[in-house]
Every structure is written in structure tokens, then in C-alpha cells.
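K.L.:
Sharing a structure with you now.
The values are calculated or read from the model by the stated rules, or taken from the named source; none is laboratory data. Not measured: the values here are computed from a predicted model. Cβ atoms come from the backbone with ideal geometry, glycine included; neighbour counts cover every protein chain shown. Just the protein is used for accessible areas: all its heavy atoms, side chains included, with ligands, DNA and RNA removed. Shrake-Rupley method; radii C 1.70, N 1.55, O 1.52, S 1.80 Å.
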Amino acid sequence: MSAEEHPQPNPLIPKQSRTPYHISGKPEKQDLVDEYKGKNLDALRTPALIIDRAVFARNCAKMHELAKSLGARFRAHVKSHKTPEGTRLQLLSTADETHSIVVSTVMEVCEVFRAGLMADGTVKDVLYGLPMAPNKIADLSALTDELAAVGANMRILVDHPDQVKVIEAWESTKAHHRRWSVFMKVDCGNQRAGLRPDSPTFAALLSAVLASPHISVYGFYTHAGNSYASTTFDEAQDFLLSEVTAVNTAAALALQLIASTPGLAPPKEPFVLSVGATPTAHAATLELKAKLAPVLNGVLELHAGNYPLLDLQQLNTGLITHRDIAQRVLATIISYYPGRGENGSDEATCDAGAIAMSKDTGPRPGYGDVIGKPWRMIRCSQEHGIMTQMSPEAFQLGPIQGDGSLKLGDMVQIVGQHACLILAGYPWYYVVDSGVSDGNVVVDVWVPWKGW
């Protein structure tokens, strides 16, 4: 999977970097399975990342059902867990199947390919979900060829006219030209990547993309990251409607420009209108479908990534319950401080800190809550966290076990604020399955992809 060499200097094409998948060493899965399968969680070294496969799979099936309720296709974002096992569960559930994914790194594309997920037909459509850096065009061009050889499609995002110039400069050096399949990234109010469809820059980009002989517009893509602030179903639904409105407006502008410009041919297939975030996807219902624009200027596609795992940020939206959360961090209490906390309450220290939990925060205080115990990680350093007692009224992670106390040596399971960043800190995940046991025995080990 070597990057193509650029034969002549071009100011638009910088020196090309290469995704080092061939030297990106990972632990051997079979060695880990041999070591840990069948062990109880209390035999594991902490901190450890635990995934309940039964809950993960149930969440994947639920998302497929939500997409069907909305009358939409589904595209699974795999960046939260970055594993072949998790990807298969996201695409092939008990409710439905899909073959389209989003990735956040070029390494993820390489690893999906290396895992055989394209060769066996599990993955047939890949969107690289960031606007393309010019120094990655060689890698993405080579990957597009490799995916095509096994019947899979590669797509990229554009949100600036200069990205079109880079693609055209690259293709001008080639004897055999391709048309890059692109989603135009639309800003629905989040102000991350993308352009508002009513902006002059979007109009300029649209003109450049449609006029380019080296680009084919596949669709329009948006993500309401601000929907994480939702605290009710109605709020999440409003964010989803804003996503649909944004991409539908963008597609309408494209169709208008095509119709009014001599020489521009209408799309051979309807545009794909790709919308979603985990909160807005959880608001996708049959009732919402009736509220959508009477005429959609394309085919609706739903995308999301955090939903198989979930976390405190998602719990705070009110759209899930603690029973839907598939991941947690196993930690050990390493010290205890009676009366040190606020109003004379106790505090404790555990061996999971910022590396194990991330320092992402959310609407609720702290970095993580303990399952079954009214304790919260309220402060953390690199390798340890400070736990404080919380009121039983504020506790949401299941029934309180015993008197809710902690002592030196106790093992606790902590649900953190943001699963995607938490998982990034671990070299492997211990997998349990509450569908076949009590969920305290390791049944598999997943090794995530690392790097960019």
C-alpha cells in the first residue's frame, strides 16, 4: 500500500507523508486471548478497559432500527473503538446490515483493509471523515485504487475551494485520471468543519466542485456535534431537523446550479444527504420522518459513532439509560482519606487517572462515576484519580451496592465522560458478554488500531 511518487514539483502538492501501517506494531490478539480468556475481572491488572459485547451488539441493532424508522441508510463511524470486531458488529446486527463506514484517520482505512473487512464484503464504502490534508493525497489515491480492486469505494470530504485545486493539481500529473468521489461538508451551526450552505464560500466551492473534471459529488455531509448539549428527546430531534435542513438546502443549491449552467450534467444517482451524531441519531423515529421536508433533494443517510459504547455525556442527554452503556474502566482503590472531602465527607484515590479516563468533561461534574457506588472521580492526575462521595439522589449508575462505601483494595468500575477519548488510552480492551454469563468473565480481547 505504498504512496504514489509525485514526479514534478508543484506548489499545491507538498512532500507526501506515508501511513506507517506496515510498522505500526500492535499486541498479538491471540497471545492476549490465550492469557486472559476465562479470567474473572478481579484477576486483571488495573486500570483496564472493559466492553460488554452483548450491550455493544444491542446498541448496534437499535441504531439500525432507528435508521430504518427514519427511512435512511446507515453509515457507521468506527473511530470510537477502532477494531475489526466492533466494526463487524456495527455493520451486521440482528436488526439489519450495512456496508458503509466513516473513519477519522488514514490508518483506520489501512487497518480495515488489512483486517480483510473489504475483501470479505463486510465493508464496501469508506468515507475519510476529515477534509483531506494535501500531504495525504498520495496515500488516499493509492488506497482508492486498492479498495477498488476488491470492489469497495473510497470517498473524501471537501469544504474549501483550495482542496479542489489540490485534487486537480494531483490529477494533472497522472496519465490515467480519476474522478474523486466527494461529500461536501456542510456546517449546520456547529462551526467545526464545513460551510454554511448560505455562505459565499459555499457557493464558490460548489461551483468549483461541479465544474471539476476530477470530482464527482456523491452527497452532502453534516454533523451536529452541538447536539451533545441536548437534555431531552425534543432538543435532540430539533438538532436532527437542523442537520437535515442544512444538507437538503445544500443539495437544492447544487441542483439549481446544475440546471442553470450549460454543460453541467445532472447526477447519475440522487445525492446522499448524510446526517447524524449519537444524540440526533437516537431521536430518529417514524414520527420525525413525517416532519422532514416534503421533498428531499437526495437519499437520506444516518451516521453515528459513539452509540455502541456510550458514556456519561450521552447519559446526560436523557436519550439512554445506564443499562445501555457498554464500556467502563476497571480501577483499584489505592488509598482512602476519611473526612478530607467537602463538608467532612470521605475521599479515595484510584489507579485510573487522566491517561485512563481522559480529561474530557461534560454537563455533570467530574471525570467519571462509579457503577453501583455513589462515588465520583472529581480530580485526576496523569495516573491516579481522586474519588469523592456524591449524594444518592444524584447517582444514576444502577442500584447502590451494599452501603455504598469503598475501602483500600476495592475494585471499582467507572463510567467516564467520553468513551471515544477514554478508549484511545488503552492498548487492548477486555471483552465480557452479559448475554452468556454474569458479565464478569473475559470472553475475548480486542486490539485497537493506533496511529494516524
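K.L.:
So, Gly339, is that one assigned to a loop (DSSP other than H, G, I, E, B) and free of Cβ contacts under 8 Å to residues at least 60 places away in the same chain or not?
P.N.:
On the way: assigned to a loop (DSSP other than H, G, I, E, B): yes; free of Cβ contacts under 8 Å to residues at least 60 places away in the same chain: yes.
Yes: the conditions hold for Gly339.
K.L.:
Check Thr105, Thr94 and return the single one that is open to solvent by 20 Å² or more (accessible area, probe 1.4 Å) and either of a type in the set (Val, Ile, Thr) or under 19 Å from Val182 (Cβ atoms) (or both).
P.N.:
On the way: Thr105 fails: open to solvent by 20 Å² or more (accessible area, probe 1.4 Å).
Matching residue, one of Thr105, Thr94: Thr94.
K.L.:
Right, next: Keeping to the range 214-240, report how many residues are closer than 20 Å to Arg75 by Cβ, surrounded by fewer than 21 Cβ atoms within 10 Å (Cβ to Cβ) and at pLDDT 95 or above.
P.N.:
Adding up the residues that qualify gives 1.
K.L.:
Right, Gln417: within 20 Å of Leu309 (Cβ to Cβ) and touching a helix residue (DSSP H, G or I) at 6+ places or on another chain (Cβ under 8 Å) or not? Lay out the reasoning, then the answer.
P.N.:
Values: within 20 Å of Leu309 (Cβ to Cβ): yes; touching a helix residue (DSSP H, G or I) at 6+ places or on another chain (Cβ under 8 Å): yes.
So Gln417 passes the test.
K.L.:
Consider only pairs whose beta carbons are under 9 Å apart and that are at least six residues apart or on different chains; among these, list those whose first residue lies in the range 171-188 and is within 15 Å of Ala138 (Cα to Cα) and of a type in the set (Val, Ile, Thr) and whose second residue is open to solvent by less than 20 Å² (accessible area, probe 1.4 Å) and assigned to a strand (DSSP E or B).
P.N.:
Close Cβ pairs satisfying both conditions: Thr173/Ile13.
Per-residue answers, yes or no, for (1) small (Gly, Ala, Ser); (2) within 27 Å of the chain's Cα centre (by Cα):
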residue: Gln163; (1), (2): no, yes
residue: Ala169; (1), (2): yes, no
residue: Met184; (1), (2): no, yes
residue: Ser216; (1), (2): yes, yes
residue: Leu255; (1), (2): no, no
residue: Pro262; (1), (2): no, no
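K.L.:
If you scan the range 172-193, which residues turn out to be of a type outside the set (A, V, I, L, M), open to solvent by less than 30 Å² (accessible area, probe 1.4 Å), out of contact with any Leu (no Cβ under 6 Å at 6 or more places or on another chain) and under 22 Å from Asn153 (Cα atoms)?
P.N.:
Trp180, Ser181 - these are the residues of the range 172-193 that are of a type outside the set (A, V, I, L, M), open to solvent by less than 30 Å² (accessible area, probe 1.4 Å), out of contact with any Leu (no Cβ under 6 Å at 6 or more places or on another chain) and under 22 Å from Asn153 (Cα atoms).
K.L.:
Considering each residue of the range 340-360, count those that are of a type in the set (A, V, I, L, M) and open to solvent by 10 Å² or more (accessible area, probe 1.4 Å), and give that number.
P.N.:
Within the range 340-360, residues that are of a type in the set (A, V, I, L, M) and open to solvent by 10 Å² or more (accessible area, probe 1.4 Å) number 2.
K.L.:
Another one. For the range 273-319, please list each of the helices (runs of 4 or more DSSP H) lying entirely inside it that holds at least 1 residues being surrounded by 22 or more Cβ atoms within 10 Å (Cβ to Cβ).
P.N.:
Details: elements: 278-281, 286-289, 312-316.
Helices (runs of 4 or more DSSP H) meeting the threshold: 278-281, 312-316.
K.L.:
Also, quick follow-up: Would you tally the residues in the range 399-424 being in contact with a Gly (Cβ under 6 Å, 6 or more places away or on another chain) and open to solvent by 20 Å² or more (accessible area, probe 1.4 Å)?
P.N.:
Looking only at that region, the number is 1.
K.L.:
Here's a follow-up. Give me the pairs: first residue in the range 266-283 and farther than 20 Å from His223 by Cα, second residue hydrophobic (A, V, I, L, M, F, W, C) and part of a helix (DSSP H, G or I), beta-carbon distance under 6 Å, and six or more apart or on different chains, which are they?
P.N.:
Qualifying pairs under 6 Å: Pro266/Ile258.
K.L.:
Let me ask you something else. Which ones in the range 31-52 are hydrophobic (A, V, I, L, M, F, W, C) and outside any loop (DSSP other than H, G, I, E, B)?
P.N.:
Leu32, Val33, Leu41, Ala43, Ala48, Leu49, Ile50, Ile51
K.L.:
Could you pull out the residue among Pro363, Pro374 that is in contact with a helix residue (DSSP H, G or I) (Cβ under 8 Å, 6 or more places away or on another chain), in the same structural domain as Tyr336 (by the TED database), touching a residue at least 24 places away in the same chain (Cβ under 8 Å) and crowded, with 17+ Cβ neighbours inside 10 Å? Explain how you work it out, then say what you get.
P.N.:
Working: Pro363 fails: crowded, with 17+ Cβ neighbours inside 10 Å.
It is Pro374.
K.L.:
In addition: Might you let me know whether the range 408-416 holds any residue that is among the aliphatic types (A, V, I, L, M), at pLDDT 95 or above and within 22 Å of the chain's Cα centre (by Cα)? Break it down stepwise before answering.
P.N.:
The first filter runs over the range 408-416 and keeps only residues among the aliphatic types (A, V, I, L, M), leaving 408, 411-412, 414-415.
Filter again for at pLDDT 95 or above, leaving 408, 411-412, 414-415.
If we keep only those that are within 22 Å of the chain's Cα centre (by Cα) too, we end up with 414-415.
For the range 408-416, residues among the aliphatic types (A, V, I, L, M), at pLDDT 95 or above and within 22 Å of the chain's Cα centre (by Cα): present.
K.L.:
Has the range 7-19 got any residue that is free of Cβ contacts under 8 Å to residues at least 12 places away in the same chain and open to solvent by 40 Å² or more (accessible area, probe 1.4 Å)?
P.N.:
At the first step, the residues of the range 7-19 found to be free of Cβ contacts under 8 Å to residues at least 12 places away in the same chain are 9, 11.
Filter again for open to solvent by 40 Å² or more (accessible area, probe 1.4 Å), leaving 9, 11.
Yes, the range 7-19 contains a residue that is free of Cβ contacts under 8 Å to residues at least 12 places away in the same chain and open to solvent by 40 Å² or more (accessible area, probe 1.4 Å).
K.L.:
Output the residue which, of all residues in the range 243-260 that are in contact with a strand residue (DSSP E or B) (Cβ under 9 Å, 6 or more places away or on another chain) and not aliphatic (A, V, I, L, M), is nearest to Thr285 (Cα to Cα).
P.N.:
Here the residue is Glu243.
K.L.:
Let me ask you something else. Restricting to the range 262-272, what's the tally of residues that are open to solvent by less than 80 Å² (accessible area, probe 1.4 Å) and at pLDDT below 95? So that I can check it myself, show each step before the final result.
P.N.:
Residues of the range 262-272 that are open to solvent by less than 80 Å² (accessible area, probe 1.4 Å), as a first pass: 264-265, 267, 270-272.
With the extra rule that they be at pLDDT below 95, the set shrinks to 264-265, 267.
Of the residues in the range 262-272, 3 are open to solvent by less than 80 Å² (accessible area, probe 1.4 Å) and at pLDDT below 95.
K.L.:
Oh, and also: Any idea which residue in the range 53-75 is most open to solvent (accessible area, probe 1.4 Å), counting only those that are farther than 15 Å from Thr94 by Cα and not in a helix (DSSP H, G or I)?
P.N.:
As a first pass, look at the range 53-75 and keep what is farther than 15 Å from Thr94 by Cα: 69-73, 75.
Now restrict to residues that are not in a helix (DSSP H, G or I): 71-73, 75.
On the way: Gly71: 48, Ala72: 17, Arg73: 110, Arg75: 0 Å².
Among those that are farther than 15 Å from Thr94 by Cα and not in a helix (DSSP H, G or I), it is Arg73.
K.L.:
Can you confirm whether Lys39 is within 24 Å of Ala277 (Cβ to Cβ) and either at pLDDT below 95 or surrounded by fewer than 22 Cβ atoms within 10 Å (Cβ to Cβ) (or both)? Before the answer, list the steps.
P.N.:
Values: within 24 Å of Ala277 (Cβ to Cβ): no; either at pLDDT below 95 or surrounded by fewer than 22 Cβ atoms within 10 Å (Cβ to Cβ) (or both): yes.
It is false that Lys39 is within 24 Å of Ala277 (Cβ to Cβ) and either at pLDDT below 95 or surrounded by fewer than 22 Cβ atoms within 10 Å (Cβ to Cβ) (or both).
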